[in-house]
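Student: The structure's right below; bear with me while I get my questions together.
Every number in this text was worked out from the coordinates using simple rules, so none of it is lab data. A quick note: this is a predicted structure, and the numbers were derived from the prediction, not measured. Cβ coordinates were reconstructed from backbone atoms using ideal geometry, including for glycine residues, and neighbour counts include every protein chain displayed.
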Amino acid sequence: MTKAQEYVATVKEAIQRRDPEQTEFQEAVFAVLDSLIPVLDKHPEYIKANLLERMVEPERVIEFRVPWQDDAGNYQVNRGYRVQFNSAIGPYKGGLRFHPSVNLSTVKFLGFEQIFKNSLTGLPIGGGKGGSDFDPKGKSDSEVMRFCQSFMTELARHIGPDLDVPAGDIGVGGREVGYLFGAYKRLRGFENGVLTGKGLTFGGSAARVEATGYGLLYYTQSMLDAHNDSLKGKKIKISGSGNVALYALQKANELGAKVITVSDSDGFIYDPDGIDYSAVKEIKEIERGRIKEYAQKVSTAHYMEGSVWNYDIDYDVALPCATQNEIDQKQAELMVKDHVKYICEGANMPSMPEAIKTYNENNIYYGPAKAANAGGVAVSALEMSQNSERLSWSFDQVNNKLETIMHYIFSKSETAAKEYGVEGNYQAGANIAGFEKVATAMMAQGLV
């Protein structure tokens, strides 16, 4: 065992000893640490400075209660979180997630991933994440507003345009960001850059809604280009039907691919003629319906319950855009059987470790979430720039910058993988490229 391997094992043991119950966090961290061993072999000064243990421990963890009143006049209490993980290259940046599954382990794993994702964009933003176990689903606008106001009453103490800039995530869309921004403004005054994902009338950026889905396709396009391949004519499975999936669908169609599935938590639709973006948008954004309604509108479509990844049909590209840990080993093995060549992640960590191992063992090219879905945070950072300059860029300006950033992310990951002897392993390449920038900054800044 090399000195670097011994050091990584020591850091893993420390994490398990301190937080044995935080399994999501451990899964995210361990996947990164193993891929960094070649870097540590080359840079023993990182071991001497105990850089990894410093990096896996958040700079600050904030946990607070969020009391609010429902429409029936009953008092409710949820938990709120903000993990300010690493500010070596810029202010903390990362979304807020409102979902019953949110706990400290989830927020820490997302925040840790955000460090590397933000670093990969090439923009000056550090890593953070937050949220609550509040579920906005089924709540009235008034209930969501009261919750957001209560949540921000505490969060406002800990954020600011040059300190920590939250954005949206699962359960936090334009409505929630608007309420959060309004509450912050009443408490602290008008600071336009304190939240991103805002409405266009009060400092938001064009293309922010589309950014993660569009960025996913730009990254996927770069991956195929690297293998002298093209998206044109490819059959694609997409999971999910939220913002990421919806705009990935739109961009895939524009680039000449055929998307044959989208899904929600109940089931999925399969359309051999290709999914109609306009029909999905109408169901999900206007009617706020379920995806099974698509089969009632489009005669060539079939609706089935369960996971789209259990559906056995030949296709070329997998784009999981629903949620974490949605693909297990058996489902990955089915991808192999179905002749999938590429998988790029639109959701945060949708593939379980055993699934990723299956991709690698069967020569499926794998684009990890920290690289492939970085389009959202990239445009959030561009929104911060526009706010700082008191400017508003056009949709085309932002979209062109987004495309450039996503091609840059793939290129950096590809180059890092080659440099450290793992060519074609884009997960390791993304981890290494993201880590090196943060590590250099931390070493330069001393014991912080």
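Student: In what sequence, highest mean first, do 142-153, 36-47 appear when ranked by Cβ atoms within 10 angstrom?
Tutor: Numbers: 142-153: 21.0, 36-47: 17.5.
Put in order of decreasing packing, that is 142-153, 36-47.
Student: Could you compute the net charge surrounding V317? Neighbours are other residues with a C-beta less than 9 Å from the C-beta of V317; K and R count +1, D and E count -1.
Tutor: Working: positive: K234, K235, K237, K341; negative: D316.
Result for the neighbourhood of V317: +3.
Student: Per residue Cα convex hull volume for the chain, in cubic angstrom?
Tutor: Details: hull volume 62.5 nm³, N = 448.
It is 139 Å³ per residue.
Student: Follow-up. Please list, in order, the residues from region 200-219 whose amide nitrogen is less than 16 Å from a point placed 7 Å along the Cα→Cβ vector of Y408.
Tutor: 215-216, 218-219
Student: Rg and Dmax of region 3-56 over Cα atoms: what are they, in angstrom?
Tutor: 10.8, 33
Student: Only helices at least 15 Å long along their own axis, judged from Cα atoms, and with Kyte-Doolittle mean hydropathy of -1.0 or greater: name those in the chain from DSSP H.
Tutor: Helices passing the filter in the chain: 3-18, 23-35, 104-120, 141-155, 174-188, 211-226, 243-254, 375-389, 395-419, 426-445.
Student: Let me ask you something else. Straight distance only, please: which aspartates and glutamates reach the Cα of K297 with their own Cα at less than 15 Å, same-chain residues fewer than 8 apart left out?
Tutor: Partners found: D271, D273, D276, E282, E287.
Student: Per the Debye formula with a single identical scatterer at each Cα and no solvent contribution, what log10 I(q)/I(0) holds for region 211-372 at q = 0.12, 0.13, 0.17, 0.20 Å⁻¹?
Tutor: These q points yield log10 I(q)/I(0) values of -0.44, -0.52, -0.92, -1.32.
Student: Suppose a student asked you for the relative contact order of region 3-56, using Cα pairs under 8 Å spaced at least 6 residues apart; what percent would you report?
Tutor: Details: 22 pairs, mean separation 28.4, N = 54.
The value is 53 percent.
Student: Say each of S394 and S101 gets a label point 7 Å from the Cα, pointing the same way as Cα to Cβ; how far apart are those two points in nm?
Tutor: About 4.0 nm separates the two model spin labels.
Student: Find the relative contact order for region 60-190 and round it to a whole percent, using C-alpha pairs within less than 8 Å whose residues are 6+ positions apart. Before the final figure, lay out the partial values.
Tutor: Details: 264 pairs, mean separation 37.7, N = 131.
29 percent.
Student: Sticking with this one: Given the chain, what percent of its DSSP beta bridges are antiparallel, to the nearest 5? Don't skip to the end; give the middle numbers.
Tutor: Numbers: 25 of 47 bridges.
Here the share of antiparallel DSSP bridges comes out near 55 percent.
Student: Right, something else. Highest mean first, how do 421-433, 390-402, 68-80 rank when packing is the count of other Cβ atoms within 10 Å averaged over residues? Walk me through the numbers on the way to the answer.
Tutor: Details: 421-433: 22.1, 390-402: 15.0, 68-80: 13.0.
Top to bottom by mean Cβ count within 10 Å: 421-433, 390-402, 68-80.
Student: Now for a separate question. With an 8 Å cut-off on Cα pairs and a minimum separation of 6 or more residues, tell me the relative contact order of region 83-146 in percent.
Tutor: Contact order relative to length: 45 percent.
Student: Compute the separation of the alpha-carbon centres of region 347-364 and region 396-416 and state it in Å as a whole number.
Tutor: Answer, in whole Å: 23.
Student: Also, I was wondering about something else. In the structure shown, do any of K237/K437; K251/K437; K117/K198; K42/K412; K185/K251 have a Cα-Cα gap over 27 Å, and if so which?
Tutor: Numbers: K237/K437 34 Å; K251/K437 30 Å; K117/K198 21 Å; K42/K412 18 Å; K185/K251 35 Å.
In this structure, K237/K437; K251/K437; K185/K251 lie more than 27 Å apart at Cα.
Student: Given just the C-alpha atoms of region 41-127, how large is their convex hull per residue in cubic angstrom?
Tutor: Working: hull volume 9.9 nm³, N = 87.
Output value, Cα hull per residue: 114 Å³.
Student: Can you put V340, V379 in order of Cβ neighbours within 10 angstrom, beginning with the fewest?
Tutor: On the way: V340 22, V379 29.
In increasing order of surrounding Cβ atoms, one gets V340, V379.
Student: Separate question: Taking K and R as +1 and D and E as -1, what net charge do the other residues with C-beta under 15 Å from the C-beta of I283 add up to? Can you show the working numbers first?
Tutor: On the way: positive: K281, K284, R288, R290, K292, K297; negative: D264, D266, D271, D276, E282, E285, E287, E293.
Every neighbour counted, the sum reads -2.
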